[in-house]
Each structure stands twice: as C-alpha cells, then as structure tokens.
There are 2 protein chains.
Amino acid sequence: MRSDCPLNYGLEIFGDKWSLLIIRDLMFFGKRYYNEFLTSAEGIATNLLADRLVMLEKEKIIKKEKDSQHKQKIVYTLTEKGIDLLPVIFCIGLWSEKYADIKLNPGRDIILGEAKKSLPKGVEKVRKKLIAEHGKPKGNRQ
Amino acid sequence: MRSDCPLNYGLEIFGDKWSLLIIRDLMFFGKRYYNEFLTSAEGIATNLLADRLVMLEKEKIIKKEKDSQHKQKIVYTLTEKGIDLLPVIFCIGLWSEKYADIKLNPGRDIILGEAKKSLPKGVEKVRKKLIAEHGKPKGNRQ
DNA sequence: ATTGACCGCTTGCAAAATACAAGCGGTGCA
DNA sequence: TGCACCGCTTGTATTTTGCAAGCGGTCAAT
C-alpha cells in the first residue's frame, strides 16, 4: 500500500482501464462467463482478463464457481463488495454523460436514468436486485 | 476510443493509479504547485506527474497559469469538469471506508463525513466552495 | 472409443507505460 | 555574479500491456 488514503485503496484495486469494465459487464450486461467478457466492445486481451479475474477474486469483489448446469463452464458473479461499486460506476457514467460527446444507445440511457434517480437513495433498489441476481447461477434467471 | 460506453470514456482519462490522486490533492489538500504534488504520501514520480498534468490539462480537467505573485511558479487549478469529479472521489472514498481496513486520521474523517452528507444533493455545496476556491490563485486564499 | 468442437485459460514476445535517479534551463534574490 | 529554487526533461531498468497462438480438459456426437 502506498498510503492510508481511502481513495488510494480503491485505486490500487480498480485503478486501471479494465477492472471496472468487467464489473460493469457483470452488473448491467448479465455476463457471467469468461468468453462473454472477451466479446465486450472494448476488446480486453485474454491474458489480461485472466489476470484481472484472479485479482478481483482475491480482493473478494467477484466470486468464481462451477456452473451447475454446464459443467465445463465457470460462472463469475459479484460479491456484495463488488455490488457496492455500483455508485462508483454510476458516478463515472454521469460525469461522462455530461462531458463526453457520446451518443447514448437506448440501453445506456436506461442505466444512466437509473443512476440519476438512485444516487444515493435508490442505489439500494438496484443493489438488492443485483444481490438476488448474483446469488443464483445464470441458467436460473429469466 | 475503445467504445462509446460512458464508463469507458471516464476510464480512458483517469483510469490509472495517479490521476485521481492529483485531483484529490487539488480538491482537499489545497495543493497548487508542481512540487506540492510530489510530496504526497503515495510518492508519484516526477516524470509521471509531468505527464499527467499535461494530459489533465489537455482533457480540460485542470488549468495551468502563472502565479501572479511568485512569478517563477505555476499554479494548477481545477476546471468545472475537474470539480465535477467530486462525486466519483466521494464514492470511491466511501466504498474504501467500508471495505478497507484503514485507520482514518481526523482530516480524512471530515472529508468522508462530507461525502456521506453530500451524495448527491450536498455535492452542490462543496462544489460551489471549490469553484470559488479555484477561481483565484493560492496566495489570496485564507 | 474416437473425434472434434468448445471451454477457460497459458505462453511467448514486442511495445508501451512505469519507476527511479540524475540533471537541466530559466527565474529571482542576495 | 553566484546560488537556490522552480518546473520539468532525460536516461535507463523494470513492469505492465497488447497481440497472437496454442494447450489441456470436458462434452456431445459418431
């Protein structure tokens, strides 16, 4: 650790270009499998993905289990610690919406709408949904 | 740009281990000069600091001016775009406070107390203070 | 039982970013 | 005229990233 600053603690974990994107994929895009993360628009390299998944599990932000239905697959889900990064992702999203010259597609629009409503109170709502969603394997979801 | 995701826009700018620490120093610790940033606990290297300051200015998150009083000095201050990163820093701070095993010194305690009160409404208060503070050079402040 | 198509990764290598130390040109003051 | 201090720059070693290829294991079909 470089210092005892709380901000610094967070940055030492997810202060890079990829970690929060993986968490985003888990939070909003329903991705659960290794090869699903690989298909994201930003195009993470497979060795970096492997590296980050190990790190995020070590930091207890995600957990890793065997898929009960497709036995050769491995399911990645968020822990509560990971789900609690929701406000961070919302904040960055809202900031970018304000300053980036980006056309939002409908899906992103919905997410940012949620962000606006939910900082901070409504975070609880999405948070509960995520806890429910991440408690069970992908196959059982609607 | 790797994608049109708002989160990704933010990460491409400040998704590293140093940028937000510089912004933190500007926001909360009253630092304005190159050599002040160098003295922070995390110990950024001088070439990295120079690199980040150029980048942050290019992204219009900070601005760079000559100090009117000490003419050999250069004053760095936050733009509105930079000040608007306040919620991001607050969110990361609160998350870390919850999950990191860190003893908070009194100063940090005050900042996080502010964060708790101000997400999202009270952000406006601190934001205005920062705008006022960053409008004038360091020498004129109390 | 064998084949072949996935699955989550690993490996090798080049390029870029980071970390560390030293020093440089310009300004201001004695 | 010297000297200290200012914001950087430079050089070099190390680490991280980016990219491509491939590997061992599982599963389903033949």
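The values are calculated or read from the model by the stated rules, or taken from the named source; none is laboratory data. Keep in mind it's a predicted model, so treat the numbers as computed, not measured. Virtual Cβ from ideal backbone geometry, glycine too; neighbours counted across all protein chains shown. SASA here: full protein model, heavy atoms, side chains in, ligands and nucleic acids out. Shrake-Rupley method; radii C 1.70, N 1.55, O 1.52, S 1.80 Å.
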Of the residues that make up the range A:125-133, is at least one of a type in the set (Asp, Glu) and more than 16 Å from the chain's Cα centre (by Cα)?
-> no
Look at the range A:14-49 and say how many of its residues are more than 9 Å from chain B (Cβ to nearest Cβ) and either over 14 Å from the mean Cα position of the chain (by Cα) or within 15 Å of DNA strand D (Cβ to nearest atom) (or both).
-> 13
Residues that are hydrophobic (A, V, I, L, M, F, W, C) and under 20 Å from residue B:133 (Cβ atoms), drawn from the range B:26-47 = B:26, B:27, B:28, B:29, B:37
Members of the range A:104-121 that are hydrophobic (A, V, I, L, M, F, W, C), over 26 Å from residue B:79 (Cα atoms) and either out of contact with any Gly (no Cβ under 8 Å at 6 or more places or on another chain) or open to solvent by 60 Å² or more (accessible area, probe 1.4 Å) (or both) | A:110
Go through the range B:99-113 and give me each residue that's over 17 Å from residue A:88 (Cβ atoms) and more than 8 Å from chain A (Cβ to nearest Cβ).
-> B:101, B:106, B:107, B:109, B:110, B:113
In the range A:19-41, which residues are surrounded by fewer than 19 Cβ atoms within 10 Å (Cβ to Cβ) and not aromatic (Phe, Trp, Tyr)?
-> A:30, A:35, A:36, A:38, A:39, A:41
State the number of residues belonging to the range B:72-98 that are surrounded by fewer than 19 Cβ atoms within 10 Å (Cβ to Cβ), without any contact (Cβ under 8 Å) to a residue 12 or more places away in the chain and facing another protein chain (nearest Cβ under 10 Å).
-> 1
Take residue B:73 and decide whether it is at pLDDT 95 or above, of a type outside the set (Phe, Trp, Tyr) and closer than 30 Å to residue A:85 by Cβ.
-> no
Quick one: which helices (runs of 4 or more DSSP H) lie wholly within the range B:24-142 and hold at least 2 residues that are within 16 Å of DNA strand C (Cβ to nearest atom)?
-> B:34-38, B:46-58
In the range B:1-23, which residue that is of a type outside the set (Ser, Thr, Tyr) and in a loop (DSSP other than H, G, I, E, B) is modelled with the lowest pLDDT?
-> B:1
Which members of the range A:1-11 meet the condition of being without any contact (Cβ under 8 Å) to a residue 24 or more places away in the chain and either more than 7 Å from chain B (Cβ to nearest Cβ) or open to solvent by less than 10 Å² (accessible area, probe 1.4 Å) (or both)?
-> A:1, A:5, A:6, A:7, A:8, A:11
Test for residue A:101: is it more than 15 Å from DNA strand D (Cβ to nearest atom), among the charged types (D, E, K, R), more than 19 Å from residue B:8 (Cβ to Cβ) and open to solvent by 10 Å² or more (accessible area, probe 1.4 Å) = no
Just to be sure, is residue B:64 at pLDDT 95 or above and either under 17 Å from residue A:15 (Cβ atoms) or open to solvent by 20 Å² or more (accessible area, probe 1.4 Å) (or both)?
-> yes
Determine the pairs where a residue that is closer than 19 Å to residue A:106 by Cβ, located within the range A:16-40, has a partner that is among the charged types (D, E, K, R) and within 9 Å of DNA strand C (Cβ to nearest atom) with Cβ atoms under 6 Å apart, the partner being 6 or more residues away or on another chain.
-> none
